[in-house]
1. Return the only residue of Ala105, Ala152, Ala160 being out of contact with any Ser or Thr (no Cβ under 9 Å at 6 or more places or on another chain) and not β-branched (Val, Ile, Thr).
2. Please enumerate the residues belonging to region 139-194 that are touching a Pro at 6+ places or on another chain (Cβ under 6 Å) and under 29 Å from Leu51 (Cα atoms).
3. Can you pull out every residue in region 67-94 that is out of contact with any Leu (no Cβ under 6 Å at 6 or more places or on another chain) and either within 30 Å of Arg43 (Cβ to Cβ) or of a type in the set (Lys, Arg) (or both)?
4. Kindly list the number of the only condition in (1) of a type outside the set (S, T, N, Q); (2) more than 16 Å from the chain's Cα centre (by Cα); (3) crowded, with 17+ Cβ neighbours inside 10 Å that fails for Ala89.
5. Does Leu99 meet the test of being touching a helix residue (DSSP H, G or I) at 6+ places or on another chain (Cβ under 7 Å), crowded, with 19+ Cβ neighbours inside 10 Å and either of a type in the set (Phe, Trp, Tyr) or over 26 Å from Gly161 (Cβ atoms) (or both)?
6. Which one is farthest from the chain's Cα centre (by Cα), of the residues in region 1-28 that are of a type in the set (A, V, I, L, M) and over 25 Å from Leu61 (Cα atoms)?
7. Here's a check for you: in region 102-133, which residue that is part of a helix (DSSP H, G or I) and not aromatic (Phe, Trp, Tyr) is surrounded by the most Cβ atoms within 10 Å (Cβ to Cβ)?
Amino acid sequence: MQAKIRKISVHVDEIQQEMGQNIEPPTRRALAVAVIENPYAGRYSKDLDELVAIGEELGGLLGQKAVQYLGIAPEDVQSYGKAAVVGEAGELEHAAAILHPKMGAPFRGAVGGGAALIPSAKKMGTLGTPIDVPLGHKDAAFVRSHFDAMEARIPDAPRAGEIMVAVCVTDSGRPLPRVGGLQVEDIVGKDGLR
């Protein structure tokens, strides 16, 4: 294991009612967050390969935990997203190194595929800094009912030399979607858009 993980937190959100309407079945989202040591904290490095490898490792680990806690089969995941908050001794590019080059393939493996780009967000922060993990349908970016986000926040993270890395998966779109767009039953799932 390359990542030096201080803690992992998993949270499941289940929406059973919205605006007085029962949601059947409930809308469920799972968030898995790892707080890791930043190997480049306090120093500039042209090469960020350690963080790229950590991103690959965390994509599978956190994706599997989120699916497990959601209690569904990987192929039943409908939407996904990822995000990272870098502590003050790091830089924004450290989040990019984790999230972009190699995290996607193992994350997709953990959620039974995914033709669409994985929505992402990154920022600098300190203890308790929240970040919204953006969500989109895993096979078709044009499915508006799945445009959503889930907040990730760990009260004691990230410390100055840490990075908080989060992934989120869902078993459905927003509760009571009604703004049109491509419907789930009409997804082709080949180009990542439709």
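1. On the way: Ala152 fails: out of contact with any Ser or Thr (no Cβ under 9 Å at 6 or more places or on another chain); Ala160 fails: out of contact with any Ser or Thr (no Cβ under 9 Å at 6 or more places or on another chain).
Matching residue, one of Ala105, Ala152, Ala160: Ala105.
2. Of everything in region 139-194, those that are touching a Pro at 6+ places or on another chain (Cβ under 6 Å) and under 29 Å from Leu51 (Cα atoms) turn out to be Ala149, Glu151, Arg153, Met164.
3. Restricting attention to region 67-94, the residues satisfying the condition of being out of contact with any Leu (no Cβ under 6 Å at 6 or more places or on another chain) are 67-78, 80, 83, 85-93.
Matches in region 67-94: Ala83, Val85, Val86, Gly87, Glu88, Ala89, Gly90, Glu91, Leu92, Glu93.
4. The single condition Ala89 does not satisfy is (3).
5. Here the answer is no, as Leu99 does not meet what is asked.
6. Within region 1-28, the first condition is being of a type in the set (A, V, I, L, M), and the residues that meet it are 1, 3, 5, 8, 10, 12, 15, 19, 23.
Filter once more, so that each one left must be over 25 Å from Leu61 (Cα atoms): 15, 19, 23.
Numbers: Ile15: 19, Met19: 27, Ile23: 24 Å.
Among those residues, the one meeting the criterion is Met19.
7. Ranking the candidates gives Ala110 first.
Residue by residue, here is whether (1) within 17 Å of Ser79 (Cβ to Cβ); (2) among the charged types (D, E, K, R); (3) assigned to a loop (DSSP other than H, G, I, E, B) holds:
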{"site": "Leu135", "(1), (2), (3)": "yes, no, no"}
{"site": "Phe142", "(1), (2), (3)": "yes, no, yes"}
{"site": "Met150", "(1), (2), (3)": "yes, no, no"}
{"site": "Ile154", "(1), (2), (3)": "no, no, yes"}
{"site": "Val169", "(1), (2), (3)": "yes, no, no"}
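The values are calculated or read from the model by the stated rules, or taken from the named source; none is laboratory data. Here the structure is a predicted model, which is why all the values come from computation and not from measurement. Virtual Cβ from ideal backbone geometry, glycine too; neighbours counted across all protein chains shown.
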